[in-house]
Amino acid sequence: MRPHVRGKFLFAGDSKLYVRGVTYGMFRPGNDGRGYPDRRVVARDFEHMLENGINALRTYSVPPRWLLDAAQDFGLRVMVGLPWEQHVTFLDETRRARSIEQCVRDGVRQCVGHPAVLCYAVGNEIPANIVRWHGRRRVERFIEKLYRAAKDEDGEALVTYVNFPTTEYLELPFLDLSCFNVYLESPADFEAYLGRLQNLAGDRPLLMTEIGLDSRRNGEESQGRSLEWQLRSAFGGGCAGTFVFSWTDEWHRGGCDIEDWDFGVTRRDRSPKLALEVVQRVYSDVPFPRDVPWPRISVVLCTYNGNRTIPETLGYLERLDYPNFEVIVVDDGSTDGCADCVKEHGFRLIRTHNKGLSSARNTGLHAATGEIVAYIDDDAYPDRDWLKYLAANFLNNDFVGVGGPNLPPPGDGWMADCIANSPGGPIHVLLSDREAEHIPGCNMAFRKSALLEVGGFDEVFRVAGDDVDICWSLQKQGWKLGFSPAAVVWHHRRNSIRNYWKQQRGYGRSEALLEKKWPEKYNAGGHVSWAGKVYGNGLHTVFPHAGRIYQGQWGTAAFQRLYQPAPGTLSALILTPEWYLIAALLGVLVLLGIDWKPLLLAAPLWVAAMGASVGHAAASGWRARPATPPRGRLAVLRLRLMAALLHVFQPLARLLGRVHWGLTPWRTVGPSSPSLAWSDSIVLWSEVWQSAEDRLRALESALKKCGAVVHRGGNFDDWDLQIRGGLLGSARLLMAIEEHGQGRQLMRIRFSPTYSRFGLGLALPLIGLTIGAGVARAWIPCAAIGAVALDLIVCGLRQCAAARAEALLALNQFVTEDSPGKPLPSRGVTDIFFVGPEMVMERGFAAADHAVEGTDGILEQE
C-alpha cells in the first residue's frame, strides 16, 4: 500500500508507518552512468538493512526502476530525491528554472506509481546565500511550483522539500511532510530544536531526514552514543521517522570520492560499525523503549447525549497501545441511551444527574486510580499511541499537565471542514516550543495530586471554559504545563452552521465567566492577554507583516529564524468581536446623516470598517486547508466561500454571547461606588522602616487580594500603580515617603482618577458632533449622538470612581490584617490620617470603619 498522511504520522492502510531509514548514496557512477552500485551489492545492502530493522532508504538522485523493484522485494520504501542545480542562482535565468521543473517531472515519471516509493523530495538544502539572493518569497513560490509539478505527474504520491536550520524561515505549508536535516551534538540542544521544528511542522508529520555523526573525527563509540540519543529523542519527540546519515562511509560528490569523513553505520567494505548495532537496537522498539516504567493513567470520558459519536471514541480507546490504564465514563444525565453503548465495551460507568462538564470531570477525578488523569471528549478519538506520548512528557519533565493537538478527522463532510478552518475552535497556547500556557479540554492530562490540590475543576463552568480555568489555577501555584505534538486526538468539528453558532455563543458566555474569576488575565477591552503564542485558525492579521529574518552578519548565522512582530492595534482590533460594534456605530452615524448631511462623512469609514472584516474573512477563507481535499474547482470554491462566511459569523456569535453575559467594553471592573471620582490623599505614619519598593509591592499585593486589576508604572511614568476600573476609566496611585529618623516614616499616597485616552478620543468628537447638530437644528442626530456621548462620560466617571473605591478598600488590608481588629505586626502602623472632603470621609470609607476602629486613628479634613 502506498503511504499516506494522517495527522502527525504516516500510515500504510490502517497501520501506522514509522520510518526507520538510512541514506543511500551518492556513489561513484557505474558503467550505466547511474550513481549506484551494481545489483548484487545493492541486494546485499538491502538484505543487511532488513536484518537490522531498517525499513526505508533515502536517495539523492532518481533510482533506476530495478532498484525500486529490489527495495520492494525486501520490504523497503524509498524517499526519492529529485536533484537539480540548487547551489546556483537558479531563478536568474528563465530557461534554467524551466529546465529544473522539467527535470522534476522527468524524475517523477521514472518512478510514478511504484509501490516502493515513500515520497519525492523536490529539493534539498538550497543554500542560505542563494535564498538570500533571490528573496525567500520567490524561492517559496518556486518550490511550490515544483511541488505542483510532481503532483501533476503522480497525484497519489507524497511530496516534500528537505530543509535545514540555515533556511528554517522558509514557509512551505503546501508540503505533505515537513523534513529537516539537523546535526547537533548536544542532547539538550537537539531536543529543544526538535520542539521548534514540530511547531513549524504544525499538523503535518515531521521527518528527520539526516542525523548522524562523523566517526573519523569523533570515534566509532562516540558515533554510536550520539545516534542512540538522537534516534530516541526524535521518536520520543513525536517524529514520524528518521534517516541516519548514512548507510556506508562510501560517498562520491563533485566527480571525486570523499575520503575525509566517515558518517556511515558501515565502513566502505560494508563491515558494520558499533553504530549499526545501535540503529538495530533503537529501531527494534520504536517509538519508545520496551522497559519504560509507564505510570498508571485513568482516562476520563465525560458525555452528555453523545450517542452519535461515543461508540467511535470507545472503540479507539479499546485499541490504545498502553500497558497500564483504565477508562472511566461519566454519564452526566444523558437521555439518549449512550450508557448502553458503554456497557457493551466493558468500561467503568458512573451515572450522575446533569450538573455540567466540570462536575462530571470532578466525578471522574475522584474515581480515578491512576496517578495521571487524562481527559478526552465524547466527540473525539485518540491516536493509538496517545497515552505513551503523554506519559513520556510526564516522565521526562516536571510538568503537572500535558496536552496535545486536536485535529479534524477526514471524512466528516465539507461543512465540518469549513468549520475546522474557521476561528473559535479548541486551540493550544504555547509559552515556548514545549511549555504550554493553555491546553484544550478535549486532549489534556494532569497529575491527579495537582488537580486535587487546586480543588479540581470549578463547577461554575458547565459547558466550556473549565480547561482554561484549570490551566490558570495550576500555573498560579507556580507549576508548568507541557505540550506533546505527537499526543494526537481526532476531534470532530460541528457539522452545521446552527451548531457552530450555538457553540460560539456558549464560548462567549464562558469568556464572561472567566473574566469575572480572572479579571487580571483580561485587558480593558475584555479579551485574554495571553503571554504565549496562540495556535489556531482565523488569527491572520488584516495587515500582514512580512516579519524579519535573523540571518546574522552577512547571512552567516547557523540558525536563521523568522520573527513575526505582534499585530498592530488596528489589526488586533479588527479581529475582535467588538469591531462589529464600531462598524454599527459608524452605520448609525451614516443613517443619521439623512437628517444632517455632515454625518455622511462617516460613510467612507463605515465602508472601510466593513471592508476590513470582509477582507479578513476572504483572505482566511482562501487559506483554508481541509482535512479531506475537495475534488474539482467548484468544490474548492464552495469550501472557501463558506469558510469566509463563517469568519464573518463567528465574531458576531461570540459578541452576542459576551454581551448577554456582561462581558462588554463598557463594563465596570470592581465594586460600584456611590461617591464621585476625585483625587484623594492619604497619610500613613509608621514606626517601622521599609523601603518604598517593599511598601508598593505590599500595596500591590493587597490590591490583587481584593480582586483589583493592577498595572505597574513604567520607566517613563510619573505614577506607581494603576487600578483598572474599565476601558474608559481607572485610578492611578503615587506614593511619597518622608523619612523622620530612627526608622520612622510618613507615607503619602495619592489616588488620581484617570479618564482613558480612548474614551476621550471617542467622546470629544461625539460632543463636537452634538454641538454641530444642535446649531444646525438637526434635533434627532443631536439627541442620539448626545446621548451616546453623555453615556460615555458617565460610564468613564463611574469606572474611575469604582477604581478609586477598590483602591481605598485595599488600603485597609494594607494597614490591617484580613481579620478585623488584628494588627499587622510587620507594618507597625500607629496613626492613620485621612485627608479629603467630608463626603469622602463618610461615604468612601464607610466600608472601612473596622480598620479605623482597630487603630489610634485621627481623621482630619483639609
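Using Stokes-Einstein with the Kirkwood hydrodynamic radius over Cα pairs, what translational diffusion coefficient do you get for the stretch 280-384 at 10 °C and a viscosity of 1.306 mPa s, in µm²/s rounded to a whole number?
Details: Rh = 14.5 Å.
Value of D from the Cα-based Kirkwood radius: 109 µm²/s.
Whole number in Å², please: accessible area per residue of the stretch 239-294, 1.4 Å probe, ligands, DNA and RNA not counted.
Values: 2420 Å² over 56 residues.
Roughly 43 Å² per residue, with all protein chains present.
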Translational diffusion of the stretch 459-602, µm² s⁻¹ [Kirkwood Rh, Cα pairs; Stokes-Einstein; 25 °C; 0.890 mPa s]: 125 µm²/s
Spatial separation of Cα centroids for the stretch 49-90 and the stretch 292-347, in angstrom: 43 Å
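Are there GluC sites (Glu not before Pro) in the stretch 242-327 that DSSP marks as loop and that have at most 14 other Cβ atoms within 10 Å, and which are they? Write out the running numbers ahead of the final one.
On the way: sites: Glu250, Glu259, Glu277, Glu312, Glu318, Glu326; in loops: Glu250, Glu259.
Of the GluC sites (Glu not before Pro), the ones in loops of the stretch 242-327 whose Cβ has at most 14 other Cβ atoms within 10 Å are Glu259.
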Degrees between helix 357-367 axis and first principal axis of the chain (Cα, 0 to 90, nearest 10): 70 degrees
In degrees, nearest ten, helix 94-111 long axis to first principal axis of the chain (Cα): 70 degrees
Dipole-positive endmost among Tyr161, Gly774, Pro753 within the chain (Cβ charges, Cα centre): Gly774
Accessible surface, per residue, of the stretch 177-218 when the full set of protein chains is kept, probe 1.4 Å, Å²: 34 Å²
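Sort Thr166, Thr248 by heavy-atom solvent-accessible area, probe 1.4 angstrom, most to least. Please list the in-between numbers first.
Values: Thr166 30, Thr248 5 Å².
Result, largest first: Thr166, Thr248.
Just flag the chymotrypsin sites (Phe, Trp or Tyr not before Pro) in the stretch 712-805 sitting in loop per DSSP whose Cβ has no more than 14 other Cβ atoms within 10 Å.
Details: sites: Phe716, Trp719, Phe751, Tyr755, Phe758, Trp779; in loops: Phe716, Trp719.
Qualifying residues, ordered by number: Phe716.
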Fraction of accessible area attributable to carbon and sulfur, the chain (%, probe 1.4 Å): 54 percent
Range of Cα positions in the stretch 681-747 per principal axis (Å), largest first: 44, 27, 20
Theoretical ellipticity at 222 nm over the chain - DSSP helices of four or more residues, -39500 (n - 2.57) apiece, nearest 500: -12500 deg cm²/dmol
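Accessible area, 1.4 Å probe, largest first: how do Met1, Met415, Met444 sort? Write down the numbers at each step before the final one.
On the way: Met1 155, Met415 30, Met444 0 Å².
Ranked from most to least accessible, the order is Met1, Met415, Met444.
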Low-density loop cleavage sites - trypsin sites (Lys or Arg not before Pro) in the stretch 261-341, where at most 12 other Cβ are within 10 Å (DSSP): Arg290, Arg308, Arg319
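For Ala157, what is the net charge nearby, where nearby means another residue's Cβ is under 14 Å from its Cβ and Lys, Arg count +1, Asp, Glu -1?
Numbers: positive: Arg2, Arg77, Arg105, Arg109, Arg148, Lys151; negative: Asp152, Glu153, Asp154, Glu156, Asp176.
Net charge around Ala157: +1.
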Probe 1.4 Å - accessible area at Leu703, Å² to nearest ten: 0 Å²
Size of electric dipole in the stretch 225-359: Cβ of Lys, Arg +1 and of Asp, Glu -1, about Cα centre, debye, nearest 20: 340 debye
Cα long-axis angle, helix 187-201 against the chain (0 to 90 degrees, to the nearest 10): 80 degrees
Extreme residue, positive dipole direction of the chain, given options Gln230, Ser529, Asn393 (C-beta unit charges): Ser529
Members of Lys343/Lys480; Lys502/Lys705; Lys388/Lys521; Lys8/Lys502; Lys355/Lys502; Lys480/Lys517 lying beyond 25 Å, as alpha-carbon distances in this model show: Lys343/Lys480; Lys502/Lys705; Lys388/Lys521; Lys8/Lys502
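How much net charge surrounds Asp176 when only the other residues with a Cβ under 14 Å from the Cβ of Asp176 are counted, with Lys and Arg +1 and Asp and Glu -1?
Numbers: positive: Arg2, Arg6, Lys8, Arg148, Lys151, Arg204, Arg625; negative: Glu144, Asp154, Glu156, Asp203.
Computed value for this residue: +3.
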Relative packing of peptides 224-235, 175-186, 117-128 - highest average C-beta neighbours within 10 Å first: 117-128, 224-235, 175-186
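The values are calculated or read from the model by the stated rules, or taken from the named source; none is laboratory data. Owing to the predicted nature of the structure, the values given are computational and were not obtained by experimental measurement. Cβ: placed from backbone, ideal geometry, glycine included. Neighbour counts: every protein chain shown. Areas reflect the complete protein model, heavy atoms only, side chains present, ligands, DNA and RNA absent. Shrake-Rupley method; radii C 1.70, N 1.55, O 1.52, S 1.80 Å.
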